[in-house]
Amino acid sequence: MPDLPQLQPATNLSLQDYQIIDTKIAEVAATADDYPGVVIVFNTRADDVKYMSARGLRDLGTSMAELKALGAAYYPKFFNPDEAHEYVPKLVDMMQRNDLNYIVSFFQQVRTGPGGAFELYLSTVKVLAQDSVGKPLLLICFSCPIDRESHVTSKVQRLLDENNFLRRHSATFARLTCREREVLRHMALGHTAPDTAKLLHVSVQTAETHRRNIRQKLNASSAFELGQYARAFDLI
C-alpha cells in the first residue's frame, strides 16, 4: 500500500488508543492465516505496518521486525511508486469519510515474484478501528495475488488491460482540458459534433475544434482509440 497522509500527529495517541490497537491486532491475528490472501493492518498515525499475516511475510521474504524497522520505507521497497496516483486519492477519501462500512478496491503491483519482480494483486481496504475521539486509527487490507494464467475471467482481464492502458497514457490524458474531457466522453458515446454542441450549449464550430484538438493531443485517429481513453479514465 502507498504512503498515506497522517490525519493526526503520531504522538497524539492516548493509552486507550494503544489498547484499541493491541485488541484489534489480536482479533485479526487469531484467524488471518486461515484466509486465501494476505491480511495487513496499518497504523494511520505512524504510517507503518502493525501486522501482516504469515503468507504476506513469506511472499515478501521479510519479518515483522524488519517491516517495523523499515517504517514508511516499506512502501517504495515493495510497491510500484508509479501506481500511487491511481489509488492514493481513493484511500485518502476513505479516511476522510471515516465510515467503518466503506471499502475501496484496486489493483497494485507487489515485489513478490522471482528476483523481486512485480506481481499483480487485488487489494481491498477499510477503516478497521477509530481512536478514542472517533478518528481513523487502523486500516485493514486484504490482498489476493492474481494468476493471469489460471483464474482470471475475460471481464477481469479487460479491467486489467484498462488499468495498464491508464498507467501508460496518464500523462497524455492529462493534457486534455476539462471541456475536452467532456467532449471526449460524447465522442466515445458516438455523438456527432452537432449532438455535442447541443448538449454542451456551444457552437458546432467550437465542438469541431475540441474534437480536432482531442485527436491531436491523444494521437488517436479511430473511435476505438478514443473509446480506450474514455473507458480507462472513467468517462463512460
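The values are calculated or read from the model by the stated rules, or taken from the named source; none is laboratory data. Fair warning: this is a prediction, and the values are worked out from it, not measured in the lab. Positions of Cβ are backbone-derived with ideal geometry, glycine not excepted, and every protein chain shown enters the neighbour counts.
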Residue 159 within 14 Å of the chain's Cα centre (by Cα) and part of a helix (DSSP H, G or I): yes
For the range 19-39, how many residues meet the condition of being in contact (Cβ under 8 Å) with a residue 12 or more places away in the chain and closer than 18 Å to residue 64 by Cα? 10
When restricted to 65, 73, the only residue assigned by TED's automatic domain parsing to the domain that holds residue 135, more than 17 Å from the chain's Cα centre (by Cα), within 21 Å of residue 25 (Cβ to Cβ) and assigned to a helix (DSSP H, G or I) is 65
What about residue 175, is it loosely packed, with under 14 Cβ neighbours inside 10 Å and not in a helix (DSSP H, G or I)? yes
Tell me, which residue of the range 9-36 that is surrounded by 18 or more Cβ atoms within 10 Å (Cβ to Cβ) and touching a Ser or Thr at 6+ places or on another chain (Cβ under 7 Å) is nearest to residue 135 (Cα to Cα)? 17
Which members of the range 111-132 meet the condition of being of a type in the set (A, V, I, L, M), out of contact with any Lys or Arg (no Cβ under 7 Å at 6 or more places or on another chain) and modelled with pLDDT of 90 or more? 125, 127
Confirm whether residue 170 is surrounded by 16 or more Cβ atoms within 10 Å (Cβ to Cβ), under 24 Å from residue 120 (Cβ atoms) and either free of Cβ contacts under 8 Å to residues at least 12 places away in the same chain or under 23 Å from the mean Cα position of the chain (by Cα) (or both). no
Restricting to the range 77-98, and then to whatever is at pLDDT 85 or above and either touching a helix residue (DSSP H, G or I) at 6+ places or on another chain (Cβ under 8 Å) or within 24 Å of residue 63 (Cα to Cα) (or both), can you tell me which residue is surrounded by the most Cβ atoms within 10 Å (Cβ to Cβ)? 78
